[in-house]
Amino acid sequence: MSAEMIYSKAVPVRHQVDVMVAGGGPAGVAAALTAARQGHSVFLAESQSCFGGMGTAGMVPAFSTFSDGINVLADGIGREILEALGVEKGSGSPLATYAIPAEPLKRVYDRLMTAAGVAFAFQTTVLDVVARDGHVEQALCWGKSGLFAVQARLYIDGTGDGDLAAWAGAPFDKGDGEGAMMPGTLCSLWADVDWEAYRASGINPRTLLPQAFADGIFTVHDPHHPGMWRVGRHLVGGNIGHAFGVDATDERSVTAHLVEARARLPEFERFYRERVPGFQNLELAGSGAVLGIRESRRILGDYVLNIDDFKARAVFPDEIGRYCYPVDIHPSKPDPVRYASFEKEFFETLRYKKGESYGIPYRILTPRKLDNLLVAGRCVSSDRGIQGSIRVMPGCYITGQAAGMAAALAIEHHTDTRGIPVGELQRRLRAMGAYLPNLE
(Lines give C-alpha, C1' and ligand atoms only; values in the text may rest on other atoms or scores of the structure.)
Protein backbone atom coordinates (compact mmCIF):
# COMPACT_ATOMS: atom_id res chain seq x y z
CA MET A 1 0.00 0.00 0.00
CA SER A 2 1.47 3.35 -1.04
CA ALA A 3 1.06 6.58 0.89
CA GLU A 4 1.87 10.20 0.25
CA MET A 5 2.59 13.23 2.37
CA ILE A 6 2.84 16.92 1.68
CA TYR A 7 5.89 18.66 3.09
CA SER A 8 6.48 22.40 3.08
CA LYS A 9 9.45 24.32 4.43
CA ALA A 10 11.15 27.68 3.87
CA VAL A 11 14.56 27.05 2.28
CA PRO A 12 17.35 29.65 2.25
CA VAL A 13 18.86 30.63 -1.10
CA ARG A 14 22.50 30.16 -0.17
CA HIS A 15 24.10 30.83 -3.57
CA GLN A 16 23.14 33.28 -6.29
CA VAL A 17 25.56 32.72 -9.15
CA ASP A 18 25.91 32.93 -12.89
CA VAL A 19 26.33 29.18 -13.37
CA MET A 20 25.31 26.25 -11.20
CA VAL A 21 26.87 22.84 -11.97
CA ALA A 22 25.38 19.64 -10.61
CA GLY A 23 28.00 16.92 -10.30
CA GLY A 24 31.78 17.11 -10.07
CA GLY A 25 32.81 14.29 -12.38
CA PRO A 26 34.91 14.95 -15.49
CA ALA A 27 32.08 16.76 -17.29
CA GLY A 28 31.09 18.88 -14.30
CA VAL A 29 34.68 19.84 -13.48
CA ALA A 30 35.40 20.80 -17.10
CA ALA A 31 32.22 22.87 -17.26
CA ALA A 32 32.89 24.66 -13.98
CA LEU A 33 36.54 25.40 -14.80
CA THR A 34 35.66 26.77 -18.22
CA ALA A 35 32.84 29.02 -17.03
CA ALA A 36 34.88 30.32 -14.07
CA ARG A 37 37.90 31.06 -16.24
CA GLN A 38 35.64 33.17 -18.45
CA GLY A 39 35.05 35.39 -15.42
CA HIS A 40 31.69 34.05 -14.22
CA SER A 41 30.62 33.03 -10.73
CA VAL A 42 30.10 29.28 -10.40
CA PHE A 43 28.79 26.98 -7.69
CA LEU A 44 29.21 23.21 -8.00
CA ALA A 45 27.46 20.62 -5.84
CA GLU A 46 29.09 17.19 -5.59
CA SER A 47 27.49 14.33 -3.65
CA GLN A 48 30.77 12.48 -3.00
CA SER A 49 33.81 13.58 -0.97
CA CYS A 50 35.95 14.41 -4.00
CA PHE A 51 35.87 15.50 -7.62
CA GLY A 52 36.35 13.00 -10.42
CA GLY A 53 33.34 10.71 -10.25
CA MET A 54 34.12 7.29 -11.67
CA GLY A 55 37.88 7.94 -11.87
CA THR A 56 38.21 8.70 -8.15
CA ALA A 57 35.20 7.77 -6.00
CA GLY A 58 34.40 4.96 -8.45
CA MET A 59 38.03 3.71 -8.67
CA VAL A 60 37.98 3.20 -12.45
CA PRO A 61 41.69 2.45 -12.91
CA ALA A 62 42.39 3.98 -16.34
CA PHE A 63 41.26 6.66 -18.75
CA SER A 64 40.01 5.72 -22.18
CA THR A 65 41.85 7.23 -25.12
CA PHE A 66 42.32 10.99 -25.42
CA SER A 67 43.69 10.70 -28.96
CA ASP A 68 42.81 9.33 -32.38
CA GLY A 69 46.43 8.25 -32.74
CA ILE A 70 47.40 11.52 -34.40
CA ASN A 71 45.45 14.32 -32.75
CA VAL A 72 44.56 14.95 -29.09
CA LEU A 73 40.76 15.05 -29.21
CA ALA A 74 40.12 15.66 -25.49
CA ASP A 75 42.29 18.76 -25.64
CA GLY A 76 41.86 21.84 -23.49
CA ILE A 77 40.69 20.89 -20.00
CA GLY A 78 41.18 17.18 -20.66
CA ARG A 79 44.81 17.50 -21.68
CA GLU A 80 45.47 19.91 -18.80
CA ILE A 81 44.18 17.38 -16.26
CA LEU A 82 46.02 14.45 -17.84
CA GLU A 83 49.30 16.37 -17.89
CA ALA A 84 48.84 17.61 -14.31
CA LEU A 85 48.22 14.02 -13.21
CA GLY A 86 51.43 12.99 -14.97
CA VAL A 87 53.36 15.55 -12.93
CA GLU A 88 51.64 14.34 -9.77
CA LYS A 89 52.67 10.74 -10.52
CA GLY A 90 56.32 11.85 -10.74
CA SER A 91 59.00 11.45 -13.38
CA GLY A 92 60.06 8.04 -12.07
CA SER A 93 56.57 6.60 -12.00
CA PRO A 94 56.12 3.11 -13.46
CA LEU A 95 52.53 3.93 -14.37
CA ALA A 96 51.23 4.19 -17.90
CA THR A 97 50.04 7.56 -19.17
CA TYR A 98 46.36 6.70 -18.89
CA ALA A 99 46.58 4.89 -15.52
CA ILE A 100 44.56 6.56 -12.74
CA PRO A 101 45.94 6.53 -9.20
CA ALA A 102 42.88 8.02 -7.49
CA GLU A 103 44.52 10.04 -4.70
CA PRO A 104 46.82 12.09 -6.97
CA LEU A 105 43.91 12.75 -9.34
CA LYS A 106 41.79 14.04 -6.44
CA ARG A 107 44.53 16.53 -5.56
CA VAL A 108 44.79 17.70 -9.17
CA TYR A 109 41.07 18.43 -9.30
CA ASP A 110 41.13 20.19 -5.92
CA ARG A 111 43.93 22.52 -6.98
CA LEU A 112 42.46 23.39 -10.35
CA MET A 113 39.00 24.14 -9.00
CA THR A 114 40.33 26.19 -6.10
CA ALA A 115 42.68 28.18 -8.34
CA ALA A 116 39.81 28.96 -10.74
CA GLY A 117 37.74 30.42 -7.92
CA VAL A 118 34.88 27.92 -8.23
CA ALA A 119 32.66 27.75 -5.15
CA PHE A 120 31.91 24.12 -4.38
CA ALA A 121 30.64 21.80 -1.69
CA PHE A 122 31.29 18.09 -1.28
CA GLN A 123 28.79 15.69 0.32
CA THR A 124 26.11 17.90 -1.14
CA THR A 125 23.29 16.34 -3.12
CA VAL A 126 21.06 18.07 -5.65
CA LEU A 127 17.61 16.66 -4.94
CA ASP A 128 15.10 18.73 -6.90
CA VAL A 129 14.60 21.73 -9.17
CA VAL A 130 12.03 24.48 -9.40
CA ALA A 131 11.20 25.00 -13.08
CA ARG A 132 8.43 26.91 -14.81
CA ASP A 133 7.66 27.01 -18.52
CA GLY A 134 10.94 25.35 -19.44
CA HIS A 135 13.05 27.66 -17.29
CA VAL A 136 14.92 26.44 -14.22
CA GLU A 137 14.62 28.94 -11.38
CA GLN A 138 16.35 27.17 -8.50
CA ALA A 139 18.07 23.92 -7.69
CA LEU A 140 17.37 22.45 -4.27
CA CYS A 141 20.35 20.89 -2.46
CA TRP A 142 20.93 18.98 0.75
CA GLY A 143 24.03 18.91 2.92
CA LYS A 144 24.73 18.26 6.60
CA SER A 145 23.71 21.83 7.36
CA GLY A 146 20.27 21.15 5.90
CA LEU A 147 18.34 22.12 2.80
CA PHE A 148 19.33 25.12 0.70
CA ALA A 149 18.66 26.47 -2.75
CA VAL A 150 20.95 27.70 -5.52
CA GLN A 151 19.72 30.34 -7.93
CA ALA A 152 21.61 30.70 -11.19
CA ARG A 153 21.20 32.14 -14.63
CA LEU A 154 22.42 28.95 -16.32
CA TYR A 155 22.45 25.36 -15.03
CA ILE A 156 24.67 22.52 -16.19
CA ASP A 157 23.72 18.91 -15.51
CA GLY A 158 26.89 16.88 -15.00
CA THR A 159 25.24 14.21 -12.85
CA GLY A 160 25.79 11.43 -15.38
CA ASP A 161 22.20 10.29 -14.93
CA GLY A 162 20.61 13.50 -16.22
CA ASP A 163 18.89 14.09 -12.88
CA LEU A 164 18.55 17.87 -13.14
CA ALA A 165 17.31 17.81 -16.71
CA ALA A 166 14.82 15.00 -16.10
CA TRP A 167 13.43 16.63 -12.95
CA ALA A 168 13.05 19.91 -14.84
CA GLY A 169 10.93 18.20 -17.48
CA ALA A 170 13.31 17.21 -20.28
CA PRO A 171 12.35 14.00 -22.13
CA PHE A 172 14.79 11.10 -22.04
CA ASP A 173 15.43 7.53 -23.14
CA LYS A 174 16.85 4.77 -20.98
CA GLY A 175 18.25 1.39 -21.98
CA ASP A 176 17.48 -0.66 -25.05
CA GLY A 177 14.05 -1.31 -26.54
CA GLU A 178 13.22 -3.55 -23.58
CA GLY A 179 14.61 -1.17 -20.95
CA ALA A 180 17.75 -3.25 -20.32
CA MET A 181 20.89 -1.25 -19.59
CA MET A 182 24.58 -2.00 -19.55
CA PRO A 183 25.74 -3.56 -16.29
CA GLY A 184 27.68 -1.55 -13.75
CA THR A 185 30.96 -2.51 -12.10
CA LEU A 186 32.19 -2.07 -8.55
CA CYS A 187 35.83 -1.27 -9.28
CA SER A 188 38.44 -2.26 -6.74
CA LEU A 189 42.00 -1.71 -5.52
CA TRP A 190 44.38 -4.62 -4.90
CA ALA A 191 47.78 -4.76 -3.15
CA ASP A 192 50.91 -6.95 -3.28
CA VAL A 193 50.98 -7.55 -7.01
CA ASP A 194 54.19 -8.35 -8.89
CA TRP A 195 53.30 -6.56 -12.11
CA GLU A 196 56.56 -7.43 -13.85
CA ALA A 197 56.01 -11.15 -13.25
CA TYR A 198 52.46 -10.87 -14.53
CA ARG A 199 53.52 -9.08 -17.73
CA ALA A 200 56.39 -11.52 -18.29
CA SER A 201 53.97 -14.46 -18.14
CA GLY A 202 52.08 -13.24 -21.20
CA ILE A 203 48.87 -14.68 -19.77
CA ASN A 204 45.55 -12.97 -20.44
CA PRO A 205 43.24 -13.72 -17.47
CA ARG A 206 40.25 -13.84 -19.82
CA THR A 207 41.60 -17.05 -21.38
CA LEU A 208 41.51 -18.72 -17.96
CA LEU A 209 37.85 -17.94 -17.27
CA PRO A 210 36.18 -20.99 -18.92
CA GLN A 211 38.09 -23.41 -16.69
CA ALA A 212 37.43 -21.24 -13.64
CA PHE A 213 33.72 -21.36 -14.43
CA ALA A 214 33.91 -25.14 -14.76
CA ASP A 215 35.73 -25.39 -11.42
CA GLY A 216 33.06 -23.39 -9.62
CA ILE A 217 35.18 -20.37 -8.68
CA PHE A 218 32.58 -17.87 -9.88
CA THR A 219 28.88 -17.72 -9.06
CA VAL A 220 28.24 -15.65 -12.22
CA HIS A 221 29.69 -17.04 -15.44
CA ASP A 222 30.52 -13.69 -17.00
CA PRO A 223 32.94 -13.94 -19.94
CA HIS A 224 33.37 -10.14 -20.13
CA HIS A 225 36.39 -9.36 -17.95
CA PRO A 226 38.01 -5.97 -18.67
CA GLY A 227 40.81 -6.76 -16.21
CA MET A 228 43.43 -5.07 -14.03
CA TRP A 229 45.55 -1.93 -14.53
CA ARG A 230 48.67 -0.94 -12.64
CA VAL A 231 47.97 2.12 -10.45
CA GLY A 232 50.97 1.94 -8.08
CA ARG A 233 54.29 0.16 -7.65
CA HIS A 234 52.54 -2.80 -6.03
CA LEU A 235 48.91 -1.77 -6.54
CA VAL A 236 46.47 -2.61 -9.30
CA GLY A 237 42.99 -1.36 -10.01
CA GLY A 238 40.36 -3.87 -11.02
CA ASN A 239 37.63 -3.14 -13.55
CA ILE A 240 36.23 -6.61 -12.91
CA GLY A 241 32.79 -8.02 -12.29
CA HIS A 242 29.47 -6.82 -13.66
CA ALA A 243 26.35 -5.75 -11.78
CA PHE A 244 23.74 -7.06 -14.20
CA GLY A 245 20.36 -5.37 -14.10
CA VAL A 246 21.33 -2.32 -12.07
CA ASP A 247 19.29 0.86 -12.54
CA ALA A 248 21.33 3.88 -11.43
CA THR A 249 18.19 6.01 -11.17
CA ASP A 250 16.78 3.81 -8.37
CA GLU A 251 18.65 3.77 -5.05
CA ARG A 252 17.04 0.44 -4.14
CA SER A 253 18.56 -1.18 -7.21
CA VAL A 254 21.96 0.40 -6.59
CA THR A 255 21.92 -0.75 -2.96
CA ALA A 256 21.15 -4.37 -3.85
CA HIS A 257 23.85 -4.48 -6.51
CA LEU A 258 26.49 -2.91 -4.24
CA VAL A 259 25.86 -5.63 -1.66
CA GLU A 260 26.07 -8.34 -4.33
CA ALA A 261 29.20 -6.90 -5.94
CA ARG A 262 31.07 -6.69 -2.63
CA ALA A 263 30.08 -10.27 -1.82
CA ARG A 264 31.58 -11.47 -5.12
CA LEU A 265 34.99 -9.79 -4.76
CA PRO A 266 36.53 -12.78 -2.88
CA GLU A 267 35.82 -14.90 -5.97
CA PHE A 268 38.09 -12.65 -8.02
CA GLU A 269 40.70 -12.73 -5.25
CA ARG A 270 40.77 -16.52 -5.37
CA PHE A 271 40.86 -16.61 -9.18
CA TYR A 272 43.81 -14.23 -9.48
CA ARG A 273 45.76 -15.74 -6.56
CA GLU A 274 45.45 -19.30 -7.80
CA ARG A 275 45.66 -18.87 -11.55
CA VAL A 276 47.38 -15.67 -12.64
CA PRO A 277 51.19 -15.27 -12.27
CA GLY A 278 52.28 -12.29 -10.18
CA PHE A 279 49.03 -12.26 -8.18
CA GLN A 280 49.84 -15.02 -5.65
CA ASN A 281 49.94 -12.57 -2.72
CA LEU A 282 46.98 -10.50 -3.88
CA GLU A 283 45.07 -8.66 -1.16
CA LEU A 284 41.93 -6.55 -1.50
CA ALA A 285 42.73 -2.98 -0.42
CA GLY A 286 39.36 -1.39 -1.11
CA SER A 287 36.36 -1.05 -3.38
CA GLY A 288 34.79 2.02 -4.92
CA ALA A 289 32.72 4.40 -2.82
CA VAL A 290 30.22 4.38 -5.67
CA LEU A 291 29.14 1.73 -8.12
CA GLY A 292 30.58 2.30 -11.58
CA ILE A 293 27.69 3.10 -13.92
CA ARG A 294 27.92 2.92 -17.70
CA GLU A 295 24.38 3.76 -18.73
CA SER A 296 21.18 5.28 -17.39
CA ARG A 297 19.18 8.23 -18.78
CA ARG A 298 20.00 9.76 -22.14
CA ILE A 299 18.46 13.22 -22.23
CA LEU A 300 16.80 14.03 -25.56
CA GLY A 301 18.15 17.23 -27.03
CA ASP A 302 17.71 19.28 -30.19
CA TYR A 303 19.76 16.63 -31.98
CA VAL A 304 20.23 12.98 -31.09
CA LEU A 305 23.75 11.85 -31.97
CA ASN A 306 23.46 8.33 -33.36
CA ILE A 307 25.30 5.25 -34.50
CA ASP A 308 24.99 6.27 -38.15
CA ASP A 309 26.97 9.42 -37.27
CA PHE A 310 29.67 7.19 -35.83
CA LYS A 311 29.77 5.07 -38.99
CA ALA A 312 29.82 8.16 -41.24
CA ARG A 313 32.59 9.96 -39.28
CA ALA A 314 30.04 12.79 -39.24
CA VAL A 315 30.86 16.48 -39.51
CA PHE A 316 28.45 19.09 -38.12
CA PRO A 317 28.23 22.87 -38.60
CA ASP A 318 27.88 23.34 -34.83
CA GLU A 319 30.69 20.99 -33.79
CA ILE A 320 32.13 21.55 -30.32
CA GLY A 321 34.60 18.68 -30.54
CA ARG A 322 35.32 15.30 -32.07
CA TYR A 323 35.86 11.88 -30.53
CA CYS A 324 36.92 8.38 -31.54
CA TYR A 325 36.45 5.76 -28.81
CA PRO A 326 34.92 2.50 -30.14
CA VAL A 327 31.31 1.63 -29.45
CA ASP A 328 31.62 -0.11 -26.08
CA ILE A 329 28.24 -1.54 -25.07
CA HIS A 330 28.71 -4.17 -22.37
CA PRO A 331 26.16 -7.00 -22.81
CA SER A 332 23.23 -6.70 -20.40
CA LYS A 333 23.42 -10.41 -19.51
CA PRO A 334 26.36 -12.81 -18.89
CA ASP A 335 25.83 -14.60 -22.17
CA PRO A 336 28.78 -15.99 -24.23
CA VAL A 337 26.88 -15.40 -27.48
CA ARG A 338 26.20 -11.75 -26.62
CA TYR A 339 29.80 -11.31 -25.50
CA ALA A 340 31.09 -12.70 -28.82
CA SER A 341 28.93 -10.13 -30.61
CA PHE A 342 30.34 -7.38 -28.36
CA GLU A 343 33.92 -8.43 -29.11
CA LYS A 344 33.34 -8.30 -32.86
CA GLU A 345 31.78 -4.83 -32.69
CA PHE A 346 34.25 -3.35 -30.19
CA PHE A 347 37.43 -4.74 -31.74
CA GLU A 348 36.46 -4.81 -35.43
CA THR A 349 33.17 -3.41 -36.73
CA LEU A 350 32.68 -0.24 -34.68
CA ARG A 351 36.29 0.81 -34.19
CA TYR A 352 38.13 3.54 -36.10
CA LYS A 353 41.47 3.57 -37.83
CA LYS A 354 44.15 6.04 -36.82
CA GLY A 355 43.15 9.66 -37.43
CA GLU A 356 39.40 8.99 -37.68
CA SER A 357 36.74 10.57 -35.47
CA TYR A 358 33.11 11.71 -35.35
CA GLY A 359 31.80 15.20 -34.71
CA ILE A 360 29.97 16.25 -31.56
CA PRO A 361 27.33 18.92 -32.25
CA TYR A 362 26.39 21.59 -29.73
CA ARG A 363 22.73 20.60 -30.12
CA ILE A 364 23.22 17.41 -28.08
CA LEU A 365 23.88 19.61 -25.05
CA THR A 366 20.55 21.50 -25.26
CA PRO A 367 17.65 19.47 -23.80
CA ARG A 368 14.26 19.80 -25.38
CA LYS A 369 11.73 21.89 -23.44
CA LEU A 370 14.40 23.72 -21.40
CA ASP A 371 16.02 27.07 -22.19
CA ASN A 372 18.63 27.66 -19.46
CA LEU A 373 19.96 24.19 -18.74
CA LEU A 374 22.70 22.27 -20.56
CA VAL A 375 23.71 18.64 -20.21
CA ALA A 376 27.27 17.31 -20.35
CA GLY A 377 28.89 13.92 -19.93
CA ARG A 378 27.30 10.50 -20.05
CA CYS A 379 23.70 11.79 -20.32
CA VAL A 380 24.05 13.94 -23.47
CA SER A 381 21.50 13.49 -26.25
CA SER A 382 22.47 10.30 -28.09
CA ASP A 383 21.15 6.94 -29.09
CA ARG A 384 22.30 3.86 -27.21
CA GLY A 385 24.92 2.98 -29.82
CA ILE A 386 27.05 6.08 -29.79
CA GLN A 387 26.46 6.58 -26.08
CA GLY A 388 28.69 3.54 -25.71
CA SER A 389 31.50 5.69 -27.12
CA ILE A 390 30.94 9.22 -25.85
CA ARG A 391 30.21 8.17 -22.24
CA VAL A 392 33.86 7.67 -21.22
CA MET A 393 35.90 10.26 -19.29
CA PRO A 394 37.75 11.98 -22.18
CA GLY A 395 34.40 12.36 -23.99
CA CYS A 396 33.00 13.94 -20.81
CA TYR A 397 35.82 16.50 -20.74
CA ILE A 398 34.93 17.49 -24.32
CA THR A 399 31.21 18.02 -23.71
CA GLY A 400 31.82 19.54 -20.27
CA GLN A 401 34.10 22.31 -21.45
CA ALA A 402 31.70 23.09 -24.31
CA ALA A 403 28.78 23.36 -21.88
CA GLY A 404 30.80 25.68 -19.62
CA MET A 405 31.75 27.92 -22.52
CA ALA A 406 28.19 27.96 -23.87
CA ALA A 407 26.87 28.97 -20.46
CA ALA A 408 29.39 31.81 -20.32
CA LEU A 409 28.33 33.04 -23.76
CA ALA A 410 24.62 32.88 -22.90
CA ILE A 411 25.25 35.10 -19.88
CA GLU A 412 27.41 37.56 -21.80
CA HIS A 413 24.91 37.83 -24.67
CA HIS A 414 21.86 37.95 -22.36
CA THR A 415 20.25 35.04 -24.16
CA ASP A 416 19.21 31.45 -23.60
CA THR A 417 21.10 28.29 -24.54
CA ARG A 418 19.84 28.40 -28.13
CA GLY A 419 20.59 32.05 -28.72
CA ILE A 420 24.34 31.99 -28.39
CA PRO A 421 26.57 32.68 -31.43
CA VAL A 422 27.82 29.19 -32.25
CA GLY A 423 30.72 30.53 -34.28
CA GLU A 424 31.99 32.42 -31.25
CA LEU A 425 31.54 29.32 -29.10
CA GLN A 426 33.69 27.34 -31.53
CA ARG A 427 36.37 30.03 -31.75
CA ARG A 428 36.65 30.29 -27.97
CA LEU A 429 36.81 26.53 -27.58
CA ARG A 430 39.54 26.27 -30.20
CA ALA A 431 41.46 29.04 -28.45
CA MET A 432 41.54 26.90 -25.29
CA GLY A 433 42.74 23.87 -27.26
CA ALA A 434 39.59 22.08 -28.42
CA TYR A 435 40.08 19.91 -31.50
CA LEU A 436 37.93 21.57 -34.17
CA PRO A 437 39.61 20.90 -37.53
CA ASN A 438 36.54 21.66 -39.63
CA LEU A 439 36.15 25.34 -38.74
CA GLU A 440 36.65 27.74 -41.60
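The values are calculated or read from the model by the stated rules, or taken from the named source; none is laboratory data. The shown structure was predicted, so the numbers you read here are calculated from the model rather than taken from an experiment. All Cβ positions, glycine included, derive from the backbone under ideal geometry; neighbour counts span all protein chains shown.
Listed values, structure above:
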quantity	calculated
In region 321-359, residue nearest to V392 (Cα to Cα) [restricted to those that are over 21 Å from the mean Cα position of the chain (by Cα) and of a type in the set (S, T, Y)]	Y352
Counted residues, region 296-354 - those being under 29 Å from A407 (Cβ atoms), in contact with a Pro (Cβ under 6 Å, 6 or more places away or on another chain) and aromatic (F, W, Y)	2
Leading residue by the ranking (surrounded by the most Cβ atoms within 10 Å (Cβ to Cβ)) among those in region 108-157 that are under 14 Å from G24 (Cβ atoms) and among the aromatic types (F, W, Y)	Y109
Residue check for Y397: surrounded by 24 or more Cβ atoms within 10 Å (Cβ to Cβ) and either assigned by TED's automatic domain parsing to the domain that holds L209 or out of contact with any Asp or Glu (no Cβ under 8 Å at 6 or more places or on another chain) (or both)	yes
Flag if R391 is crowded, with 24+ Cβ neighbours inside 10 Å and basic (K, R)	yes
Top-ranked residue in region 63-98 [being closer than 20 Å to L186 by Cα and surrounded by fewer than 20 Cβ atoms within 10 Å (Cβ to Cβ); ranked as nearest to the chain's Cα centre (by Cα)]	S64
Subset of region 278-295 [assigned to a strand (DSSP E or B) and either farther than 30 Å from G162 by Cβ or without any contact (Cβ under 8 Å) to a residue 60 or more places away in the chain (or both)]	E283, L284, A285
Among the candidates L300, L291, L305, residue that is at pLDDT 95 or above and in contact with a Lys or Arg (Cβ under 8 Å, 6 or more places away or on another chain)	L300
Residue in region 308-327 that is out of contact with any strand residue (DSSP E or B) (no Cβ under 9 Å at 6 or more places or on another chain), surrounded by 20 or more Cβ atoms within 10 Å (Cβ to Cβ), of a type outside the set (F, W, Y) and not in a strand (DSSP E or B) present	yes
Single condition Y339 does not satisfy, out of (1) of a type in the set (F, W, Y); (2) part of a helix (DSSP H, G or I); (3) at pLDDT 95 or above	(3)
Residue selected from region 342-374 under the condition assigned to a helix (DSSP H, G or I) and modelled with pLDDT of 95 or more, by the criterion nearest to D157 (Cα to Cα)	L365
Test: G177 is surrounded by fewer than 19 Cβ atoms within 10 Å (Cβ to Cβ), among the small types (G, A, S) and farther than 26 Å from E412 by Cβ	yes
Subset of region 360-384 [surrounded by fewer than 24 Cβ atoms within 10 Å (Cβ to Cβ) and within 16 Å of the chain's Cα centre (by Cα)]	R384
All helices (runs of 4 or more DSSP H) inside region 5-118 with 3 or more residues being in the same structural domain as R378 (by TED's automatic domain parsing) and on the phi > 0 side of the Ramachandran plot	none
Region 327-352: number of residues that are under 27 Å from L73 (Cα atoms) and without any contact (Cβ under 8 Å) to a residue 40 or more places away in the chain	8
